[in-house]
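Visitor: Dropping a structure here in structure tokens format, bear with me for questions.
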Amino acid sequence: MQEHEILHSGCICNAMPRRHFLTTGCAVCATGGLLATLCQNTPTVSANAASQKTNAMRIRIFFALHSPVQEQPDWPNLGFDFRPVISRVVEQLNAACNDIEFIPSMVNGAQATEQILTEDAELDGTDHAIQGYFVMQLNCWNQCVQSCVATQKPVLYVDFQFAGSGGFLVYTAGLLRAEAKNFGFIGSSKFEDVILAAQCFKTITAPNEFAEAVAKVRKERTPLFKLAVKEDPVDCLPIPELLEKIRGLKLIAIGGMMGGNLVESTKSELGIDVLAMDYQEINALWEKADRNEAAEIVQKWKSPNTVISDDVSDETLERSARMAIAMRQMLEKYGAQGITMNCLGGFYGKQIQAYPCLGFHEILNTGKVGACECDIRSSITMLVMSALTQGRPGYISDPIIDTAKNQIVYAHCVSSNKVFGPNGPSNPMEILTHSEDRAGASVRSIVPVNGMLTTTVEFSPDRKELLFHQAIAVENDPDDRACRTKIGAVPLGNIEKLYTQWDHYGWHRVTYYGDLKAEVFAIADALGWTVCEEA
């Protein structure tokens with residue numbers, strides 16, 4: 001590790017949380033060493049505690065997280081110990097910024113944040129005033145940064161990648177849309193970039209200069225690449241034939257919330273039917289699934305092309321195989337081409353007895369659609385694009401953006417290992433536990449990289465809009481934290497623009513191998529939709 005580098009390693013579809021998060025107010029502050037345990041009703045250390053640096057600017061650090069040792073399934077993973085990370089961040093900031101005193105606090109949401117901000121406001125105009133805020137998003141959806149920005153003091157927002165990245169992207173996009181000038185942000189795997197951004201607290205003369213100062217650091221620290229693209233011809237349907245083919249397609253949606261007009265507009269705009277169901281039928285099919293057939297599926301998964309983690313038992317594989325059988329039977333019964341399920345809510349709430357990740361994997365490898373988290377928008381995107389490409393599988397992901405590598409990293413626990421379609425070659429894969437709770441079984445697909453062009457889209461029939469960007473795949477990230485499959489890709493265009501749409505579209509994106517730009521624009525033209533180019 002370099003001197004100023006911390007471990008930046010590293011699944012909700014919309015901007016709203018998909019898991020249970022702490023909402024009660026509590027916070028802890030400390031001025032050195034490991035921070036004390038975050039717990040309810042623990043008082044904060046006053047900001048006018050003895051200063052460590054004479055005449056220094058005083059900046060409050062907010063670590064936004066559930067608890068110092070994670071007790072619930074979420075990014076990065078159950079049981080993750082944030083305390084060494086927090087200690088290292090505080091120590092490195094104080095060592096590198098001699099004229100800034102950083103005062104660390106931990107908060108789990110807006111209520112705890114507001115409590116500390118109220119105490120800070122009482123110190124304004126004194127020698128102990130807090131002059132700005134450094135917010136590090138350690139878990140995804142703990143709200144803190146919005147309250148800090150509302151103080152009008154300069155705020156630096158930092159992503160602890162593969163941990164807080166969903167909230168970081170969604171909240172950053174919202175604040176950019178609000179044109180908050182006192183708000184700067186950075187998501188980098190090199191902590192020296194974060195330090196340079198933090199030093200902007202000393203370089204500005206007014207809070208409304210802060211966003212521009214941090215943006216300058218971020219852009220200067222983002223490397224530029226000229227990458228060759230490998231040839232990958234895609235046999236696409238003509239657009240009129242495609243639009244005719246998708247009309248009448250059916251998507252089974254299990255255990256999700258069908259609010260809003262997305263389902264209705266999917267039918268009226270695309271002709272795709274969404275069949276909403278509870279867990280009852282899939283559970284009944286899972287119970288009755290043929291054990292011999294399940295055993296055959298397990299043996300197929302145990303091929304030489306697949307590495308199976310020691311903590312995934314044969315029993316877990318058998319339960320996953322039965323779920324694969326049950327989902328296939330659902331598709332056959334209803335004549336559907338795709339299935340999506342509220343897998344996290346179902347498994348955490350014990351409404352299903354096995355994760356569907358491996359079953360989705362099997363379905364994707366046949367050219368049909370198996371989609372995570374009852375994400376209707378991404379599922380219909382996959383139905384259309386897989387029909388367009390005659391069976392290439394879409395890959396739903398929770399992305400992160402790493403400016404140190406000029407990369408967007410697409411991360412999720414479900415992936416095909418036949419990225420060129422059912423008749424294409426299979427790439428190596430691993431079967432591991434589902435990342436966030438370290439239970440069940442999921443997939444890490446070691447996909448082709450080294451110059452493969454990818455096209456990423458989201459269909460929005462309710463807005464009559466297509467979201468679109470492209471990137472060149474350059475690496476498989478094996479990091480243990482967050483979701484299992486991680487495809488690092490260099491975006492074509494402006495990585496800065498990639499920060500702008502997460503509040504409107506949520507965290508998920510769907511990625512396909514191949515240059516499908518012309519086809520995406522042609523689909524939009526044929527439907528009378530617009531294309532939002534997010535890079």
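Visitor: Go through (1) open to solvent by 30 Å² or more (accessible area, probe 1.4 Å); (2) closer than 19 Å to residue 110 by Cα; (3) modelled with pLDDT of 95 or more and name the single condition residue 43 misses.
Guide: So residue 43 meets the others, but not (3).
Visitor: Just for strands (runs of 3 or more DSSP E) wholly inside the stretch 425-513: which have at least 1 residues that are over 20 Å from residue 369 (Cα atoms) and aliphatic (A, V, I, L, M)?
Guide: On the way: elements: 429-434, 439-445, 452-460, 465-476, 485-491, 509-513.
Because the criterion is at least 1 residues that are over 20 Å from residue 369 (Cα atoms) and aliphatic (A, V, I, L, M), the strands (runs of 3 or more DSSP E) in the stretch 425-513 that meet it are 429-434, 439-445, 452-460, 465-476, 485-491.
Visitor: Ok, one more. Give the residue that is nearest to residue 272 (Cα to Cα), with candidates limited to residues of the stretch 376-413 that are in contact with a strand residue (DSSP E or B) (Cβ under 6 Å, 6 or more places away or on another chain) and part of a loop (DSSP other than H, G, I, E, B).
Guide: Here the residue is 394.
Visitor: Spot the failing condition for residue 473; the list is (1) under 30 Å from residue 196 (Cβ atoms); (2) hydrophobic (A, V, I, L, M, F, W, C); (3) open to solvent by 20 Å² or more (accessible area, probe 1.4 Å), and only one is missed.
Guide: It is condition (3) that residue 473 fails.
Visitor: Report yes if residue 260 is at positive phi, under 25 Å from the mean Cα position of the chain (by Cα) and loosely packed, with under 13 Cβ neighbours inside 10 Å, otherwise no.
Guide: Details: at positive phi: yes; under 25 Å from the mean Cα position of the chain (by Cα): yes; loosely packed, with under 13 Cβ neighbours inside 10 Å: yes.
Yes.
Visitor: Considering every residue within the stretch 164-179, establish whether at least one is touching a helix residue (DSSP H, G or I) at 6+ places or on another chain (Cβ under 9 Å), more than 14 Å from residue 500 (Cα to Cα) and not β-branched (Val, Ile, Thr).
Guide: No, that holds for no residue.
Visitor: Look through the stretch 167-186, keep the residues that are of a type outside the set (D, E, K, R) and assigned to a loop (DSSP other than H, G, I, E, B), and return whichever of them is most open to solvent (accessible area, probe 1.4 Å).
Guide: If we take residues in the stretch 167-186 being of a type outside the set (D, E, K, R) and assigned to a loop (DSSP other than H, G, I, E, B), then 178 is most open to solvent (accessible area, probe 1.4 Å).
Visitor: A further question follows. Can you name every residue in the stretch 503-535 that is open to solvent by 40 Å² or more (accessible area, probe 1.4 Å), over 21 Å from residue 386 (Cβ atoms) and either of a type in the set (Gly, Ala, Ser) or in contact with a Leu (Cβ under 7 Å, 6 or more places away or on another chain) (or both)?
Guide: Hit for the stretch 503-535 is 528, nothing else.
Visitor: Name the residues in the stretch 334-374 that are in a loop (DSSP other than H, G, I, E, B) and open to solvent by less than 10 Å² (accessible area, probe 1.4 Å), would you?
Guide: Correct list: 336, 352, 354, 355, 356.
Visitor: Do we have any residue at all in the stretch 284-301 that's touching a strand residue (DSSP E or B) at 6+ places or on another chain (Cβ under 8 Å) and modelled with pLDDT of 95 or more?
Guide: yes
Visitor: Among what's in the stretch 196-226 and is open to solvent by 70 Å² or more (accessible area, probe 1.4 Å) and not in a helix (DSSP H, G or I), pick the residue that is nearest to residue 155 (Cα to Cα). Spell out how you get there, then give the answer.
Guide: Kept after step one, since they are open to solvent by 70 Å² or more (accessible area, probe 1.4 Å), are these residues of the stretch 196-226: 202-203, 205, 208-209, 212, 216, 219-221, 224-226.
From what's left, not in a helix (DSSP H, G or I): 205, 221, 224-226.
Numbers: 205: 14, 221: 19, 224: 27, 225: 30, 226: 34 Å.
Ranking the candidates gives 205 first.
Visitor: If only one of 500, 485, 454, 433 is of a type in the set (S, T, N, Q), buried (at least 24 other Cβ atoms within 10 Å of the Cβ) and out of contact with any Lys or Arg (no Cβ under 7 Å at 6 or more places or on another chain), which one is it?
Guide: Exactly one of 500, 485, 454, 433 is of a type in the set (S, T, N, Q), buried (at least 24 other Cβ atoms within 10 Å of the Cβ) and out of contact with any Lys or Arg (no Cβ under 7 Å at 6 or more places or on another chain), namely 454.
Visitor: Scan the stretch 236-257 for residues that are open to solvent by 40 Å² or more (accessible area, probe 1.4 Å) and at pLDDT 95 or above and jot them down. Talk me through it step by step, then tell me what you get.
Guide: Residues of the stretch 236-257 that are open to solvent by 40 Å² or more (accessible area, probe 1.4 Å), as a first pass: 238, 240-241, 244-245, 247-248, 250, 257.
Correct list: 238, 240, 241, 244, 245, 247, 248, 250.
Visitor: Still on this structure: Collect the residues in the stretch 490-534 that are over 23 Å from residue 235 (Cα atoms) and of a type in the set (Gly, Ala, Ser), keeping them in residue-number order.
Guide: Selection gives 493, 506, 528.
Visitor: With the structure loaded, tell me whether residue 274 is within 26 Å of the chain's Cα centre (by Cα), open to solvent by 70 Å² or more (accessible area, probe 1.4 Å) and not small (Gly, Ala, Ser) or whether it fails that test.
Guide: In short, no.
Visitor: Just for strands (runs of 3 or more DSSP E) wholly inside the stretch 63-166: which have at least 1 residues that are under 19 Å from the mean Cα position of the chain (by Cα)?
Guide: Hits in the stretch 63-166: 132-137, 155-159.
Visitor: So, one more: When residues of the stretch 298-333 are filtered for being within 21 Å of residue 412 (Cβ to Cβ), hydroxyl-bearing (Ser, Thr, Tyr) and open to solvent by 40 Å² or more (accessible area, probe 1.4 Å), how many remain?
Guide: 0
Visitor: So if I check each of 22, 78, which one is open to solvent by 10 Å² or more (accessible area, probe 1.4 Å), at pLDDT below 70 and under 24 Å from residue 168 (Cα atoms)?
Guide: On the way: 78 fails: at pLDDT below 70.
Sole residue among the options that is open to solvent by 10 Å² or more (accessible area, probe 1.4 Å), at pLDDT below 70 and under 24 Å from residue 168 (Cα atoms): 22.
The values are calculated or read from the model by the stated rules, or taken from the named source; none is laboratory data. Because the structure is predicted, anything quoted here is derived from the model rather than measured. Methodologically, a virtual Cβ is constructed for each residue, glycine included, from the backbone with ideal geometry; neighbour enumeration extends over all protein chains shown. Calculation scope for accessible area: heavy atoms of the full protein, side chains included, ligands and nucleic acids excluded. Shrake-Rupley method; radii C 1.70, N 1.55, O 1.52, S 1.80 Å.
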